[in-house]
Amino acid sequence: MEELVILGSVAGLLAIAIGANDETWATVVGIRRLSINQAVVLGSGVLLIGAVTFGFNVAKTVGTEISDSPFTFAQSLTILITVAVLLIIGSWKGLPLSTTHTMVGATVTLSLLLGYNVESATIVKIVFSWITSPLIGFFGAYGIMKLILWLKKKYVKGLDDVDRLESWFITILLLSVTLTSFSRGANDVSNAAAPLMGVFIQLADQSGNSLYARIPLLIGGVGMGIGLIIVGRRVLKSLGNDIVTLSPTSAVAIQFSTAIITFVAASLGIPVSGTHILVAAFIGTGKAYDVDVNMKTVKRITISAVGTPFVAGLGVLLTWGVVNLFIG
Amino acid sequence: MKLTRKEQKELFIELGQVVQEAGECYAKMLRVELIEEMYNRLNELESKGDELQAKLDAHYSTQKNAPYLTLERAKLLRRIDDTLDNFAIAARTMHVFAGAVPSDFVERATPVSKLLKLVAEYVNDAIVNLFTNFSQALKLTGKIEDNRDKIVDLTFELETDYFKSLNGENAWKQFTAVERIMKRTAATVQRMRDTAEIIELMVYKFSAE
């Protein structure tokens with residue numbers, strides 16, 4: 001019981017850190033459709049709902065389908081600490097580290113180290129989605145933006161038309177952001193809840209009460225909500241002010257493709273990086289405008305995306321050594 | 001005070017009409033017609049412009065407005081206000097110096113007066129078309145620029161000719177009057193061109209996206 005409390009607390013803290021970095025609502029704050037208070041309250045509610053509903057699929061995949069053996073307290077703690085530390089280092093260094101890549105990399109490495117049987121089909125499915133989801137994000141956003149530009153050229157004759165179009169798109173944006181937030185709640189909760197899933201699914205099976213399996217998701221969802229309300233508001237404020245030149249139509253192109261991809265992935269129980277999909281969508285939208293993309297940044301993000309699981313693997317080896325020293 | 005899109009548009013169109021009327025009044029002053037009456041009317045128009053601007057400013061200063069959609073409108077508002085302020089200053093200049101101009105000033109200033117009135121009309125039309133017809137708005141801003149150049153050339157020509165030709169006891173007084181009036185006129189036309197430039201940039205921004 002004591003071990004569960006410790007694990008739950010660490011998972012909760014990690015969830016707060018994840019929520020604190022959630023930039024999903026920045027576009028609606030930037031165009032002043034919602035105030036920061038409205039955005040963080042609505043966002044935390046949607047994150048929680050996404051986490052406890054669709055979040056089950058992703059968390060189950062990461063927590064129980066990568067290896068065939070459930071993790072012990074020490075092993076689960078190792079993974080959580082590794083992800084938390086790397087997230088902190090990444091944020092401090094300004095690196096766009098994917099929490100999902102970190103969690104999966106740490107989980108796979110520890111499983112291999114312990115000699116557990118790693119489900120290669122699951123790994124292949126996950127890695128395949130990491131490659132395809134940003135690509136779909138890029139092409140999806142590019143296609144949507146091209147369609148929007150065509151619509152504008154055909155139908156926008158004056159400011160009256162601009163205003164009408166923008167007010168429609170503000171509504172579409174709000175819906176897209178809500179869907180993205182729901183899907184990210186479902187996707188990101190696994191980064192905090194996955195190490196706990198095995199234990200609580202077992203509890204649910206033994207007690208015959210399936211709600212037990214949702215407890216890690218509740219901890220994660222509430223943690224992300226708290227993180228968003230208390231700390232995430234600063235991210236929204238700074239990003240929202242920086243997005244002053246982002247039009248509602250551009251924001252829709254970026255957000256809509258991100259929303260669809262993260263929702264489909266969450267429905268299928270596949271853990272994807274919401275950040276990488278969003279970045280790819282930004283680039284796709286820029287390309288639709290024929291704007292030059294900073295390839296240095298793209299290279300940096302690609303190297304980070306590819307390297308993160310390996311860095312996480314290294315990190316989990318170090319952490320396991322330390323945890324073993326104290327817990328044995 | 002929050003305004004609907006329709007209310008904002010109506011205020012801008014009203015401001016455009018104020019600019020056009022200001023142009024008509026000042027054009028009459030340049031022909032030394034009804035100086036006192038037009039001077040008073042221009043001061044009233046400047047106050048009316050300030051009232052309309054205050055309503056729009058109160059709306060734009062609230063936090064609820066999407067910066068993407070309001071920044072350019074706020075800039076346009078300021079350029080229109082500058083234009084009306086310059087008309088008022090030009091009217092004060094004319095009011096002081098009209099009595100000292102040379103006898104052939106009215107005849108020589110009439111082409112400037114006609115072009116200035118036309119430019120003010122174009123500014124009003126450009127503001128209206130900004131809301132409904134971007135391409136027409138662009139054509140009008142092009143005409144504003146062309147006529148601005150013509151007015152600047154004409155005012156310079158007038159000043160130069162008077163500088164060379166005026167002689168006698170009151171020559172310096174007459175020349176000073178002409179120079180002050182022409183410089184103020186050119187500055188006012190330039191403010192109208194600045195307004196047109198903002199309209200151009202808005203068309204490029206919102207139609208290119």
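The values are calculated or read from the model by the stated rules, or taken from the named source; none is laboratory data. Small disclaimer: the values here were computed from a predicted structure and weren't measured. Positions of Cβ are generated from backbone atoms using ideal geometry, with glycine treated the same way; all protein chains shown enter the neighbour counts. These accessible areas exclude ligands, DNA and RNA; they are computed on the full protein's heavy atoms, side chains included. Shrake-Rupley method; radii C 1.70, N 1.55, O 1.52, S 1.80 Å.
Descriptive notes on the structure:
- Of all the listed residues (A:Val29, A:Val41), the sole one being open to solvent by 50 Å² or more (accessible area, probe 1.4 Å), modelled with pLDDT of 80 or more, over 14 Å from A:Ser183 (Cα atoms) and in a helix (DSSP H, G or I) is A:Val41.
- Set side by side, the residues A:Ser98, A:Ser76, A:Ser111 differ, and just one is touching a strand residue (DSSP E or B) at 6+ places or on another chain (Cβ under 6 Å), on the phi < 0 side of the Ramachandran plot and open to solvent by less than 10 Å² (accessible area, probe 1.4 Å), which is A:Ser111.
- Test: residue in segment A:285-303 that is open to solvent by 10 Å² or more (accessible area, probe 1.4 Å), under 30 Å from A:Ser111 (Cβ atoms), β-branched (Val, Ile, Thr) and over 16 Å from the mean Cα position of the chain (by Cα): yes
- The listed residue being in a helix (DSSP H, G or I), aliphatic (A, V, I, L, M) and within 22 Å of B:Ile198 (Cβ to Cβ), out of A:Leu151, A:Leu179, A:Leu165, A:Leu174: A:Leu165
- Unique residue being open to solvent by 10 Å² or more (accessible area, probe 1.4 Å) and touching an Asp or Glu at 6+ places or on another chain (Cβ under 9 Å) when the list is B:Asp50, B:Asp125, B:Asp153, B:Asp149: B:Asp50
- Conditions (1) out of contact with any Asp or Glu (no Cβ under 9 Å at 6 or more places or on another chain); (2) within 25 Å of A:Ile66 (Cβ to Cβ); number of the one not met by A:Arg184: (1)
- Residues located in segment A:138-167, provided they are facing chain B (nearest Cβ under 9 Å), in contact (Cβ under 8 Å) with a residue 12 or more places away in the chain and open to solvent by less than 20 Å² (accessible area, probe 1.4 Å): A:Ile148, A:Lys152, A:Glu166
- Identity of the residue in segment B:156-170, open to solvent by less than 60 Å² (accessible area, probe 1.4 Å) and hydroxyl-bearing (Ser, Thr, Tyr), that ends up modelled with the highest pLDDT: B:Thr160
Listed here are the residues, each with its yes/no results for (1) out of contact with any Gly (no Cβ under 7 Å at 6 or more places or on another chain); (2) assigned to a helix (DSSP H, G or I).
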{"residue": "A:Ile219", "(1), (2)": "no, yes"}
{"residue": "A:Gly225", "(1), (2)": "no, yes"}
{"residue": "A:Pro271", "(1), (2)": "yes, no"}
{"residue": "A:Ala280", "(1), (2)": "no, yes"}
{"residue": "A:Val291", "(1), (2)": "yes, no"}
{"residue": "A:Ile303", "(1), (2)": "yes, yes"}
{"residue": "A:Gly307", "(1), (2)": "yes, yes"}
{"residue": "A:Gly315", "(1), (2)": "yes, yes"}
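- Matching residues, segment B:41-64, being free of Cβ contacts under 8 Å to residues at least 24 places away in the same chain and within 14 Å of chain A (Cβ to nearest Cβ): B:Tyr60, B:Ser61, B:Gln63
- Which listed residue is within 13 Å of chain A (Cβ to nearest Cβ) and either at positive phi or surrounded by 16 or more Cβ atoms within 10 Å (Cβ to Cβ) (or both), from B:Leu84, B:Leu138: B:Leu138
- Applying the condition of being within 14 Å of chain A (Cβ to nearest Cβ) and charged (D, E, K, R) to segment B:182-209 and asking which residue is nearest to B:Arg31 (Cα to Cα) yields B:Glu200.
- For segment A:46-128, the helices (runs of 4 or more DSSP H) that sit wholly inside it and include 1 or more residues that are of a type in the set (D, E, K, R) are A:55-64, A:73-93.
- Within segment A:44-66, the only residue that satisfies the criterion of being open to solvent by 10 Å² or more (accessible area, probe 1.4 Å) and touching an Asp or Glu at 6+ places or on another chain (Cβ under 7 Å) is A:Glu65.
- Near pairs, Cβ below 7 angstrom, 6+ apart or cross-chain, from segment B:1-25 (within 12 Å of chain A (Cβ to nearest Cβ)) to any residue that is open to solvent by less than 10 Å² (accessible area, probe 1.4 Å) and among the acidic types (Asp, Glu): none
- Filtering segment B:142-161 for residues that are farther than 27 Å from B:Val32 by Cα and within 14 Å of another protein chain (Cβ to nearest Cβ) leaves an empty set.
- Tally of residues being touching a residue at least 60 places away in the same chain (Cβ under 8 Å) and outside any helix (DSSP H, G or I) across segment B:156-209: 2
- Scoring B:Ser103 on the criteria (1) modelled with pLDDT of 95 or more; (2) not in a helix (DSSP H, G or I) leaves a single failure, condition (1).
- You will find that of A:Thr275, A:Thr319, the residue that is within 21 Å of A:His101 (Cβ to Cβ), away from chain B (no Cβ under 14 Å) and at pLDDT 85 or above is A:Thr319 and no other.
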